[in-house]
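Scroll down for the structure; my scribbles are underneath it.
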Amino acid sequence: MPTLTVDGREVTVPSGSTVLQACEAAGREVPVFCYHPRLNIAGNCRMCLVEIERSPKPQASCAMPAADGMVVRTTTPQVEKARKGVLELLLINHPLDCPICDQGGECDLQDLTLFYGPDHSRFAENKRPVDDKNLGPLIATHMTRCIHCTRCIRFISEIAGIEELGATGRGEHMEIGTWIERAVTSELSGNIIDLCPVGALNSKPYEYRARTWELRKTETIDVMDAVGCNIRVDAKGQEVMRVLPRLNEEINEEWISDKTRFAYDGLMRRRLDVPMVRVDGKLRPTDWRTAFEAVRARVQTSAPERIGAIVGDMADAEAMVVLKDLMARIGTPHIDCRQDGAQVEAGARAGYRFNTTIAGIERSDLILLVGTNPRYEASLVNARIRKRWRQGGATIARIGAAFDLTYPVQDLGAGPETLAEIVAGNHSFCKLLEKAEHPMIIVGQGALVRKDGGAILALARKLADSHGFVRDDWNGFNVLHTAASRAGGLELGLVPGEGGRDVAGMIDGCRTGAIDTLFLLGADEIDMTALGDAFVVYQGHHGDTGAHRADVILPGAAYTEKSATWVNTEGRAQRGKLATFPPGDAKEDWRILRALSEALGHALPLNSLGQVRARMAEISPVFDAIDEIVPAPWEPFGTEGEVDGAALVSGLINYYATNSIARASATMAACYEASVRPEDSVKTGTHG
Ligand code: SF4
Ligand code: FES
């Protein structure tokens, strides 16, 4: 551990640190452009120059290893002069269009120029023009502003794991772009907007719509998948203007997926903002009282065992617990939060959680993927697996359909019988398993939504038991959920009670008439055509498939419009906050359900958010430990049985349209179009 002196202060830093890190440890701020702590060092902008004793000229501190006895100075006249020189050089070609540049107010170049920049330019020639590149529907480019720091290139190749951005030309003719003009295909591409230290890369949907100081910033949680990425929602008035990542080392580090970042425009489209009741075959706007009365009239004439409730993928825990209590009061056992029919049970918590934790992936040396495509199901989990692979010494293997996961994967087989062979010790992979110190298995929804999902889960458990996946100091058994509501729903026990029907059973019941009233809490991903003559009450925020089929619509709040709790796939409860108010008459879901319980004559004693949360904590300790992980005991789960030989496939077909918000988003639709037909991302004159 070298000890060095920075501006007269002695610091000891871990071996392998750079001079820049030593300066940071000493509390000195050194300006940077190309350096980023999560990317490889490029050392090409020279902004971080510092003086090092016995060195003839200033040195780039980000690329210089810290050595014992070094004496570093960060604020001498020579350093100041060097920084001024670097900025003068950078500004030669920079267009200085700050008044219209979207990065204004968040631009590193603007900030540093204010401190060190020259007050006039000695450059009298023409500035260098560079053509803008077409990187698809998400990223706007103004490449004349680019300072060639290469952060975007390094992110796309190192972290996103695709080779689509690079530099062409040399010296004055160097340009950053895709080799062939096309949309970047990474689902993490939006992060390069945050990384770009100047205004060369901007968000296309957000461009020219607001200035940073006009925005109201709310720290909350994403629900586009079950990772629970920490995000910041920036709103202007009633409209969400952009979604940005928030640092959380345990979950998303400082990245988010493109769906999380860009699907927000769906929040303003196809919204349900007034209660509706179907009259003469048509849904007509009405008031809350009439809508509740329509539900009451139906529930009163229906027997409890003919009423069912299905919970959708983005429901919050507050709404779910009130729904559970309401259904219990009505007296029906038919309730289910596993909209896609996943064969996971609510009892043994270790059986439905990502026990290793997302950060824990970095400790594993062998990762077995079963029926999952983490790249599209949980992009940040995939980024963590890639990070682990880049560190070296880890094997990643897969059972299921093959696709590019951005790191090399050993394909062991397509169907669950391969898993059975490994459990029986008859597969060559067992040799690797024996050597692994921290093996982990990730069972995806592609394996669990099948009829034999319970048997596959039981097999995976057997593997974990027989091959050292679970010990006192390590739990390598993981289920990767895709729905933000799922782990919370299971924690709260939203599964069929004694004699109750699951989702498939309820749909079947609707078809045969055994179920005549179905309550959908934001459930849109079931086959609505199979619901027969059932009376459907849809509570949710978007006019998606559920609302089209509904007889009564109760308008709810979307994830940015309520203070609510979600439990991520790790079993970590996190609180989201209200960033904008719900539109029109829409309300927080738990409030609607509480009011409905009164209208139905089953008033629940849950009158405040505090009482609802206390009820949640009564059911599961997870809700008493916000942001933490409550360890789950290793108990039996899964159902013994035969597995079917069919190949395991990932359930997600269109990454850009997995929920009602994404389906309403014009940006997501444009991404889908660009991803399936890349040639169309460059529009011609005939496109208007
Ligand atoms: S586009 Fe931005 S991030 Fe990429 S090299 Fe240029 S300045 Fe750096
Ligand atoms: S930050 Fe050190 S050279 Fe760019």
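The values are calculated or read from the model by the stated rules, or taken from the named source; none is laboratory data. Predicted model, so just to flag it, every value in this text is computed and none were measured. Note: ideal-geometry Cβ built from the backbone for every residue, glycine included; neighbour counts use all protein chains shown. Remember, those area values only see protein heavy atoms, side chains included, never the ligands or the DNA or RNA. Shrake-Rupley method; radii C 1.70, N 1.55, O 1.52, S 1.80 Å.
Of the residues making up the range 456-479, those that are open to solvent by less than 10 Å² (accessible area, probe 1.4 Å) and touching a helix residue (DSSP H, G or I) at 6+ places or on another chain (Cβ under 6 Å) number 3.
Taking the range 112-143 as the range and being polar (S, T, N, Q), open to solvent by less than 40 Å² (accessible area, probe 1.4 Å) and either more than 20 Å from residue 46 (Cα to Cα) or within 13 Å of ligand 1 (Cβ to nearest atom) (or both) as the test, the residues that pass are 134, 141.
Note on the range 47-96: residues that are outside any helix (DSSP H, G or I) and either within 14 Å of ligand 1 (Cβ to nearest atom) or touching a residue at least 60 places away in the same chain (Cβ under 8 Å) (or both) total 13.
Can you tell me which residue within the range 34-58, out of those that are in contact with a Lys or Arg (Cβ under 8 Å, 6 or more places away or on another chain) and near ligand 2 (Cβ under 6 Å from one of its atoms), is farthest from residue 155 (Cα to Cα)? Per the criteria, the residue is 47.
Taking residue 223 as the residue in question, decide whether it is open to solvent by less than 50 Å² (accessible area, probe 1.4 Å) and assigned to a loop (DSSP other than H, G, I, E, B). So residue 223 fits the description; yes. Restricting attention to the range 480-515, the residues being open to solvent by 30 Å² or more (accessible area, probe 1.4 Å) and closer than 20 Å to residue 356 by Cα number 1.
In this structure, is residue 603 of a type in the set (Gly, Ala, Ser) and either surrounded by fewer than 20 Cβ atoms within 10 Å (Cβ to Cβ) or touching a residue at least 40 places away in the same chain (Cβ under 8 Å) (or both)? Here the answer is yes, as residue 603 does meet what is asked. Counting only helices (runs of 4 or more DSSP H) wholly contained in the range 336-452, no element carries 3 or more residues that are in contact (Cβ under 8 Å) with a residue 40 or more places away in the chain, under 26 Å from residue 644 (Cα atoms) and small (Gly, Ala, Ser). State whether the residues of the range 246-266 include one that is in a strand (DSSP E or B), touching a helix residue (DSSP H, G or I) at 6+ places or on another chain (Cβ under 8 Å), within 26 Å of residue 577 (Cβ to Cβ) and open to solvent by 50 Å² or more (accessible area, probe 1.4 Å). Checked the range 246-266: no residue is in a strand (DSSP E or B), touching a helix residue (DSSP H, G or I) at 6+ places or on another chain (Cβ under 8 Å), within 26 Å of residue 577 (Cβ to Cβ) and open to solvent by 50 Å² or more (accessible area, probe 1.4 Å).
Restricting the range 115-167 to residues that are free of Cβ contacts under 8 Å to residues at least 40 places away in the same chain, in a strand (DSSP E or B) and away from ligand 2 (no atom under 16 Å from the Cβ), the residue that is nearest to the chain's Cα centre (by Cα) is 165.
Just one residue in the set 60, 42, 26, 66 is touching a helix residue (DSSP H, G or I) at 6+ places or on another chain (Cβ under 6 Å), open to solvent by less than 80 Å² (accessible area, probe 1.4 Å), among the small types (Gly, Ala, Ser) and modelled with pLDDT of 95 or more; that residue is 66.
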